[in-house]
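As structure tokens, the structure follows; a few thoughts come after it.
Throughout, read-outs are computed from the coordinates displayed, never taken from laboratory work. Treat the numbers as computed from the prediction; the structure is a model and nothing was measured. No Cβ is skipped: glycine too gets one built from the backbone with ideal geometry, and neighbour counts run over all protein chains shown.
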Number of protein chains: 2
Amino acid sequence: MTAASTRKPAGDQPANVRRRDREKTKAEILQIAFEEFAENGLLGANADAIAARAGITKRLIFYYFSSKEELFIAVLEMAYGRMRQAEESLHLETLAPEAAIRRLAEFTFDFHQDNPEFVRLVAIENIHRARHVARSETLQQMTRPIIGQIERVLAKGKDLRAIRPEVDAHALHATLNALSIFSVANRHTFEAQFRWDMSSPEAKARQRAEIAEVLWRYVRSDAASPAEDED
Amino acid sequence: MTAASTRKPAGDQPANVRRRDREKTKAEILQIAFEEFAENGLLGANADAIAARAGITKRLIFYYFSSKEELFIAVLEMAYGRMRQAEESLHLETLAPEAAIRRLAEFTFDFHQDNPEFVRLVAIENIHRARHVARSETLQQMTRPIIGQIERVLAKGKDLRAIRPEVDAHALHATLNALSIFSVANRHTFEAQFRWDMSSPEAKARQRAEIAEVLWRYVRSDAASPAEDED
DNA sequence: GCTTTAATTAACCTGATGGATAATTGCTGT
DNA sequence: ACAGCAATTATCCATCAGGTTAATTAAAGC
């Protein structure tokens with residue numbers, strides 16, 4: 001597609017005239033690269049395709065992001081940044097222990113359900129043994145403050161004897177992420193093998209409730225329920 | 001069954017003379033392709049590399065498996081077959097409910113820990129939206145009988161009032177798989193971001209216990225005590 | 001207006017890779 | 001011992017895709 005033919009007076013930006021806007025162009029590349037990487041993986045994603053979809057030349061991609069891997073890292077940074085931002089809107093501190101745990105579970109589940117591209121991206125990065133995360137200072141310092149929130153919820157819950165004292169924030173976070181991510185990431189093999197729907201709204205609602213239940217039953221104090229001898 | 005076993009030994013096999021053994025060659029290709037696919041993904045795996053490692057010509061790969069995708073399907077079939085085989089050695093029926101659940105949890109966790117290539121392969125297949133599983137009759141009929149085992153454990157547990165009546169076998173299986181797979185598949189991003197070890201023997205032991213705990217606390221009846229106290 | 005700089009484009013290069021063609025060679029039954 | 005066939009090899013090829021070289025052009029400053 002050739003650009004630069006019709007020249008509109010441009011109250012708004014005409015789509016076919018290349019506006020020289022560094023930041024906007026970079027952002028567009030990033031967003032489309034995000035989608036392409038999530039869809040096709042690090043190797044499968046294609047610079048020509050990204051350029052075509054962004055309406056720019058391939059060269060421009062390498063101009064702003066020096067290599068495919070650098071672009072991938074930038075995409076990861078953006079994707080993780082969005083999650084982090086979403087997590088900031090969670091305010092668990094004000095809630096009672098059970099409500100806080102359930103809200104945390106449902107929020108995490110919802111986020112992954114709503115952002116399957118992000119889940120795919122994380123899976124892809126894990127296939128590559130997280131070598132891009134390892135290479136990015138930004139991504140490592142981006143260690144999510146969600147752990148802090150969880151710790152506070154647990155502390156409060158333990159104080160109130162609603163939550164078992166042994167429960168660890170990291171472990172809880174891992175468990176919750178495992179359940180939430182799995183229901184998006186491994187949906188396909190599961191559905192194909194068990195003919196078990198994981199994608200319909202009803203199925204999702206069921207899983208959402210299930211995960212909250214698993215989590216709460218895991219953390220809640222035994223005193224509030226059956227007596228039990230621990231290992 | 002081919003008459004391959006009637007081959008005369010021809011002395012000792014010189015390493016550089018290709019032994020004409022259809023089944024053996026196919027099996028070798030499969031095993032090496034399994035490793036290469038698990039390591040590098042569907043696109044990343046390289047036919048030349050597989051051939052080189054197997055000590056054969058690339059052409060031979062396409063002779064036995066008509067395309068790369070077919071080879072990948074064959075690899076999936078082999079890998080899932082192995083898991084299924086392992087699952088057969090589980091005998092949960094004889095155990096008491098809690099013991100059965102814990103054994104199931106630990107077995108599943110161990111299997112994934114011991115077969116990270118399998119876990120990677122499943123992740124890769126999910127990135128491809130399980131289109132190869134969908135294409136293979138074999139893989140779909142290979143629906144694992146583990147579900148049956150779980151159902152029997154749950155039925156017995158419910159009978160004894162040790163397990164809640166609402167617990168579903170599929171959901172339980174999904175939960176367990178989520179936790180087990182996650183601790184292998186998403187280990188890398190997790191470790192990189194949280195500087196949290198998931199790979200050392202101690203960490204694995206901790207996770208193993210954790211998962212059994214999560215599972216049991218999820219299924220156990222609210223009324224009954226864990227010591228199978230019938231009222 | 002002219003210069004300078006930075007954003008953008010067009011065209012090219014090159015290594016890799018899946019797959020194809022065709023020749024060859026070892027096994028097995030007769 | 002030899003034909004026939006199946007297993008295996010050596011080579012070639014077209015295409016794709018990441019990255020590069022060099023020219024072009026929009027905008028900001030003087």
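How are the C-alpha pair distances of the protein assembly as shown spread across 10 Å bins, as whole percents from the shortest bin up? Result, from short to long distances: 4, 17, 26, 23, 16, 9, 4, 1, 0 percent. Here the stretch B:118-231 yields Rg over Rh of 1.06, to two decimals, using C-alpha coordinates and the Kirkwood radius.
What is chain A's relative contact order, in percent, from Cα pairs under 8 angstrom and six or more apart in sequence?
Details: 198 pairs, mean separation 45.5, N = 231.
Answer for chain A is 20 percent.
Straight-line reach from residue A:156: which aspartates and glutamates have Cα under 14 Å away, leaving out those fewer than 8 places along the same chain? Within reach: A:93, A:98, A:166, A:168. In this assembly of identical copies, the label point of residue B:145 (Cα plus 7 Å along Cα-to-Cβ) is separated from its counterparts by 5.4 nm, sorted shortest first. Rg over Rh for the stretch B:100-175 works out to 1.05, both radii taken from alpha-carbon positions and Rh defined as the Kirkwood radius. Sorted from closest to farthest, the other copies place their residue A:199 label points 3.4 nm away, with each point set 7 Å from Cα along Cα→Cβ.
Count Lys and Arg as plus one, Asp and Glu as minus one, and take only other residues whose Cβ is under 15 Å from that of residue A:135; the net charge is then -3.
When a footprinting reagent is the concern and you count Cβ atoms within 10 Å, what order do A:216, A:196 take, fewest first? Mind dumping the intermediate values first?
Details: A:216 19, A:196 16.
So the residues, fewest neighbours to most, are A:196, A:216.
Between helix B:116-127 and chain B, what is the angle of the helix's C-alpha long axis to the longest principal axis, kept within 0 to 90° and rounded to the nearest 10? Helix B:116-127 and the main axis of chain B meet at about 90 degrees.
Put a point 7 Å out from Cα along the line to Cβ at residue B:106; what are the distances to that point in the other copies, in nm, shortest first? Going from nearest to farthest copy, the values are 3.7 nm. Relative to the longest principal axis of the Cα atoms of chain B, the long axis of helix B:97-114 lies at roughly 30 degrees.
The C-alpha atoms of chain B define a longest principal axis, and helix B:169-185 lies at about 60 degrees to it.
My understanding is that a pair violates if its Cα-Cα distance is over 25 Å; which of A:158/B:158; B:26/B:204; B:24/B:68; B:26/B:68; A:68/B:26; B:24/B:58 do that in this structure?
A:158/B:158; B:26/B:204; A:68/B:26
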